[in-house]
Amino acid sequence: MTEQFEVEGWQAYRMNWRRPHRSLEPLDDEIEVIDRALDALVARGVLPHAHYDKASFAAHRRAVRERFDIPWTAISPRMQRLLYAINAITEPAVMVAVGIFCGNTFISNAGAAIGPGAVYEAERLVGLEIRPAEADRARRNVATMHRDGATVDILGEDGGPWLDTFQGTIDLLYLDADGPVGRGKSIYLDLLESGLHALDTGSLVLAHNSVNAAHQLSDYLDFVRTSDRFVESVNMVVDDQGLEVSKVG
Ligand SMILES: C[S@@+](CC[C@H](N)C(=O)[O-])C[C@H]1O[C@@H](n2cnc3c(N)ncnc32)[C@H](O)[C@@H]1O
């Protein structure tokens with residue numbers, strides 16, 4: 001049975017991808033929805049607790065709005081808050097994001113460790129984007145948030161081979177890469193298999209588009225929901241895109 005957290009009325013919560021900063025609901029409602037989402041992850045043993053600093057998140061959101069060049073994004077305000085909170089709560093020393101486009105998805109994760117919303121010290125934060133021009137844009141965007149502290153690498157590379165040869169532990173792996181025509185999001189399982197050797201007990205894997213691309217992701221979702229490598233996997237339906245949150249056992 002699929003473990004699922006579903007917000008009532010998620011179908012009606014829709015953003016304009018070209019106006020990512022537009023508010024879609026009262027802020028208190030957004031906070032309450034994500035608090036419930038985090039509680040659900042705590043109840044399933046995915047997160048140790050559900051507390052994150054909301055003022056720090058607000059500083060992060062403000063900085064992204066003021067500093068980032070975002071041509072479009074499907075990261076809704078709810079998803080931005082959920083990603084930030086998961087990172088702020090679990091404090092991954094090494095976070096790797098694959099398919100970061102202009103960098104908004106990267107910073108939604110990394111913003112808990114760099115920039116004005118930073119709440120912990122990471123060791124290494126890596127963003128991979130296969131299109132060089134978008135990798136350059138992401139690098140420029142992320143540079144507006146980064147000062148000292150964690151090593152931040154925004155790489156214009158294919159995430160698959162990079163993961164294949166990565167040595168060390170990845171504490172949080174974020175997947176959002178859209179493969180070539182015909183494959184789309186179905187490349188998630190290949191990417192996960194490339195990075196599997198680097199995941200340790202307690203590592204998290206976050207997969208964007210668990211709702212709108214569920215069909216393309218069916219082999220990926222089957223794997224994280226049934227493989228012995230994962231102790232828990234929850235489909236977080238907070239918007240029409242969704243996020244599968246999986247914990248390595
Ligand atoms: C659809 S975009 C992600 C956008 C993100 N969901 C958002 O809303 O901001 C997916 C990105 O993955 C990149 N990509 C595709 N295959 C990749 C791979 N193998 N490694 C790294 N990036 C890849 C694409 O170039 C594209 O920019």
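The values are calculated or read from the model by the stated rules, or taken from the named source; none is laboratory data. This structure is a prediction, so every number in the text was calculated from the model and none was measured. Ideal geometry is used to build each Cβ from the backbone, glycine not excepted, and the neighbour counts take in all protein chains shown.
Table for the structure above
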{"quantity": "Selection status of Leu47, touching a residue at least 60 places away in the same chain (Cβ under 8 Å) and crowded, with 16+ Cβ neighbours inside 10 Å", "calculated": "no"}
{"quantity": "Those residues of segment 145-154 which are over 17 Å from the mean Cα position of the chain (by Cα) and either surrounded by 15 or more Cβ atoms within 10 Å (Cβ to Cβ) or closer than 12 Å to Val98 by Cβ (or both), in sequence order", "calculated": "Met145, His146, Ala150"}
{"quantity": "Segment 203-228: number of residues that are more than 12 Å from Glu244 (Cβ to Cβ) and surrounded by 16 or more Cβ atoms within 10 Å (Cβ to Cβ)", "calculated": "2"}
{"quantity": "Identity of the residue in segment 81-109, near the ligand (Cβ under 10 Å from one of its atoms) and among the polar types (S, T, N, Q), that ends up farthest from the chain's Cα centre (by Cα)", "calculated": "Asn104"}
{"quantity": "Pairs with Cβ under 6 Å, 6+ apart, first in segment 159-181 and within 19 Å of Asn87 (Cβ to Cβ) and in contact (Cβ under 8 Å) with a residue 60 or more places away in the chain, second polar (S, T, N, Q) and within 8 Å of the ligand (Cβ to nearest atom)", "calculated": "Asp176/Thr105"}
{"quantity": "Leading residue by the ranking (surrounded by the most Cβ atoms within 10 Å (Cβ to Cβ)) among those in segment 67-116 that are among the β-branched types (Val, Ile, Thr) and outside any loop (DSSP other than H, G, I, E, B)", "calculated": "Ile107"}
{"quantity": "Qualifying residue in segment 165-179 (condition: modelled with pLDDT under 95, more than 15 Å from the chain's Cα centre (by Cα) and within 11 Å of the ligand (Cβ to nearest atom))", "calculated": "yes"}
{"quantity": "Options Arg14, Arg67, Arg18; residue that is under 25 Å from Val152 (Cα atoms) and of a type in the set (D, E, K, R)", "calculated": "Arg67"}
{"quantity": "Count of residues meeting criterion [more than 9 Å from the ligand (Cβ to nearest atom) and under 16 Å from Asn212 (Cα atoms)] in segment 185-196", "calculated": "2"}
{"quantity": "Selection count, segment 136-164, where residues are away from the ligand (no atom under 13 Å from the Cβ), β-branched (Val, Ile, Thr) and closer than 22 Å to His208 by Cβ", "calculated": "2"}
{"quantity": "Residue that is nearest to Ala74 (Cα to Cα) [pool: residues in segment 1-37 that are modelled with pLDDT of 95 or more and of a type in the set (A, V, I, L, M, F, W, C)]", "calculated": "Trp10"}
{"quantity": "Filtered residues of segment 123-144 (kept if part of a loop (DSSP other than H, G, I, E, B) and buried (at least 23 other Cβ atoms within 10 Å of the Cβ))", "calculated": "Glu129"}
{"quantity": "Close pairs (7 angstrom Cβ cut-off, 6 or more residues apart or separate chains): closer than 27 Å to Lys54 by Cβ and touching a residue at least 40 places away in the same chain (Cβ under 8 Å) in segment 117-134, acidic (Asp, Glu) and within 16 Å of the ligand (Cβ to nearest atom) anywhere", "calculated": "none"}
{"quantity": "Number of positions in segment 29-66 that are over 16 Å from Ile114 (Cα atoms) and in a helix (DSSP H, G or I)", "calculated": "15"}
{"quantity": "Meets criteria (at pLDDT 95 or above, within 16 Å of the ligand (Cβ to nearest atom) and not hydroxyl-bearing (Ser, Thr, Tyr)) for Arg124", "calculated": "no"}
